Each structure stands twice: as C-alpha cells, then as structure tokens.
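The values are calculated or read from the model by the stated rules, or taken from the named source; none is laboratory data. Please read these numbers as outputs of a predicted model, since none were measured by experiment. When we count neighbours, we look across all protein chains shown, and the Cβ atoms used for this are built from the backbone with ideal geometry, even at glycine.
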Amino acid sequence: MLLSIGERLQLLQVLPQKGSYTTGKILTQLRLSLGLTEDEFEEWGIRHSPETNQVFWDVDGKAEIPIGEVATGLVIDALRELDRKEELPFELIEMYERFIPTTE
C-alpha cells in the first residue's frame, strides 16, 4: 500500500499494543515496515522535536509498504473498535475509508 509519512505515523498509533503471540509477531513486522528509515529521514528532511514529540518533514514522501492480509485485518479491527467506542480521531477518517469502504 502506498503510504505517506503522515499515514505511516498515524497507522503506528492505531495498532493494538496487546494480543496473542501470533498477533504480536505480525504487528511487530508491520511496525518495522511502517517505521521510517535512515534514508527516508535524509531524503525527505524528517526531524523530530523532543520538546513537543512531533515529527516534521520537508517532503511528504510516499513509500510502498507491504501490509499482508492478516495485518490488514488487524488494522481494520483496530479502526472499527475506535469507531465503535466513538473514539476515532477525526484525522483518521481518510485512513478509515482507505481500509474500510463506506457507502456514504
């Protein structure tokens, strides 16, 4: 899936922090794939502000991130759970619609 820097960081925030051994292995691999590389930091001017814990970048680079079927299901479950609890941050609406087609 082609994802921007912001989308990758958003997905990292959505992923479950607990689960089964199998889920943990799959999510660990997904987190590694979503993480930013040294080359991306350099190429896109990515920097982190420790004071505000925010990430900034000069170029909104995009990269093809492999997300398998099971990992996709875990992302969908996490997004649906946020929606069910009415805790879905509005900045995740586009991400939600990328993973969960809506008829509206």
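Rundown of residues vs (1) exposed (fewer than 10 other Cβ atoms within 10 Å of the Cβ); (2) more than 14 Å from the chain's Cα centre (by Cα), yes/no style:
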position	(1), (2)
K18	yes, yes
L30	no, no
G35	no, no
W44	no, yes
D60	no, yes
R80	no, yes
K85	yes, yes
I93	no, no
T102	yes, yes
**OP:** Write out, first by first residue and then by second, each pair whose Cβ atoms fall under 9 Å of each other, whose residues are 6+ apart or on separate chains, and whose first residue, in segment 1-26, is assigned to a loop (DSSP other than H, G, I, E, B) while the second is hydroxyl-bearing (S, T, Y).
**Re:** M1/T72; P16/T23
**OP:** Scan (1) touching a strand residue (DSSP E or B) at 6+ places or on another chain (Cβ under 7 Å); (2) surrounded by 10 or more Cβ atoms within 10 Å (Cβ to Cβ); (3) modelled with pLDDT of 95 or more for the single condition E64 breaks and write down its number.
**Re:** (2)
